[in-house]
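Notes for the one structure printed next.
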């Protein structure tokens with residue numbers, strides 16, 4: 001039995017305001033890999049993740065970001081969603097997407113809170129300084145098992161062809 | 001994506017977790033979700049190879065908290081810094097998390113470099129969430145045959161889980 005298994009891939013055949021995974025299987029950890037672009041009229045969009053559709057302000061995140069030879073950091077405290085990282089918006093160069101990798105650790109645990117470790121990259125422009133890197137850490141203030149994942153952009157829609165692959169890791 | 005094989009998961013309250021049957025893979029990957037019991041808001045997450053408690057490790061760490069980025073270096077540590085975890089003085093439930101990679105752990109020609117990334121929380125307020133990246137080296141060319149993961153102070157509490165995988 002493989003210990004790293006594909007659970008589900010969703011490839012958008014049309015624009016979608018959100019994407020949900022509601023069958024998370026029986027694993028110890030989850031691995032999510034996203035390649036996506038958003039149709040909002042900006043060069044970028046966040047990708048947010050909401051565990052169990054929890055609409056309370058129960059998520060915190062810390063980000064570090066680099067572009068060209070600059071770097072920065074910022075936090076999000078008491079947010080509704082995990083901030084996974086940026087992808088491209090509709091003002092980014094044509095065909096450029098963003099990629100986001102997420103580990104969700106011990107998602108079925110019921111003793112402690114849940115953490116996610118994320119890395120993302122996206123292209124703002126095909127010039128110096130146009131390539132971006134994000135690394136994020138998120139925690140959900142809840143000891144409940146995570147049973148669903150809701151993914152959404154900052155606003156607008158994920159564009160056609162955006163792909164969301166979820167894997168289960170045994171432990 | 002390499003083929004992953006679960007070597008072992010250990011969980012619960014313990015002073016440390018040792019994995020001493022590491023199989024015959026090319027690389028190791030370790031996934032950690034943990035909290036400590038020491039009387040502080042956080043404590044370090046450490047790793048030792050082959051039970052070596054000597055000052056035979058080097059560390060380089062980058063930490064981001066809100067808009068502040070800091071770095072640290074230790075050239076003669078007694079363990080590798082692989083992250084940090086919430087501890088007893090942090091609000092209930094808070095944790096630390098880490099993904100640790102040990103490439104070529106059975107190689108006998110080079111010292112062993114170990115990379116990790118993750119984060120931890122010390123409070124639910126501004127400045128209470130941190131992102132961390134670490135790179136460390138065990139100054140020994142021997143194959144790694146066991147790994148011990150421990151908090152810098154105190155013990156792990158119930159709810160802690162550490163999973164070790166072999167990658168082909």
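Derivation of every value follows stated rules applied to the coordinates shown; laboratory data play no part. Quick caveat, the model's predicted, so the values are computed rather than measured. Methodologically, a virtual Cβ is constructed for each residue, glycine included, from the backbone with ideal geometry; neighbour enumeration extends over all protein chains shown.
The figures follow:
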| quantity | calculated |
| --- | --- |
| Leading residue by the ranking (surrounded by the most Cβ atoms within 10 Å (Cβ to Cβ)) among those in segment B:77-90 that are more than 10 Å from the chain's Cα centre (by Cα) and assigned to a strand (DSSP E or B) | B:86 |
| Test result for residue A:83, under 20 Å from residue A:156 (Cα atoms) and within 14 Å of chain B (Cβ to nearest Cβ) | yes |
| Filtered residue count, segment A:124-145, keeping only those that are closer than 26 Å to residue B:99 by Cα and either crowded, with 21+ Cβ neighbours inside 10 Å or away from every other protein chain (no Cβ under 13 Å) (or both) | 9 |
| Of the criteria (1) within 8 Å of chain A (Cβ to nearest Cβ); (2) under 30 Å from residue A:3 (Cα atoms), which one residue B:124 fails | (2) |
| Unique residue being more than 14 Å from chain B (Cβ to nearest Cβ) and in contact (Cβ under 8 Å) with a residue 60 or more places away in the chain when the list is A:166, A:149 | A:149 |
| Test result for residue B:115, free of Cβ contacts under 8 Å to residues at least 24 places away in the same chain and either in a loop (DSSP other than H, G, I, E, B) or more than 11 Å from chain A (Cβ to nearest Cβ) (or both) | yes |
| Number of the exception - residue B:158 against (1) without any contact (Cβ under 8 Å) to a residue 40 or more places away in the chain; (2) out of contact with any strand residue (DSSP E or B) (no Cβ under 8 Å at 6 or more places or on another chain) | (1) |
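Condition check ((1) crowded, with 22+ Cβ neighbours inside 10 Å; (2) free of Cβ contacts under 8 Å to residues at least 24 places away in the same chain; (3) farther than 29 Å from residue A:161 by Cα; (4) more than 16 Å from the chain's Cα centre (by Cα)) across all residues:
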{"residue": "A:29", "(1), (2), (3), (4)": "yes, no, no, no"}
{"residue": "A:39", "(1), (2), (3), (4)": "no, no, no, yes"}
{"residue": "A:56", "(1), (2), (3), (4)": "no, no, yes, yes"}
{"residue": "A:66", "(1), (2), (3), (4)": "no, no, no, yes"}
{"residue": "A:77", "(1), (2), (3), (4)": "no, yes, yes, yes"}
{"residue": "A:80", "(1), (2), (3), (4)": "no, no, no, no"}
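Residue-by-condition table, conditions (1) part of a strand (DSSP E or B); (2) within 13 Å of chain A (Cβ to nearest Cβ); (3) more than 23 Å from residue A:117 (Cα to Cα):
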residue	(1), (2), (3)
B:31	yes, yes, no
B:43	yes, no, no
B:58	yes, no, yes
B:64	yes, yes, no
B:75	yes, no, yes
B:92	no, yes, no
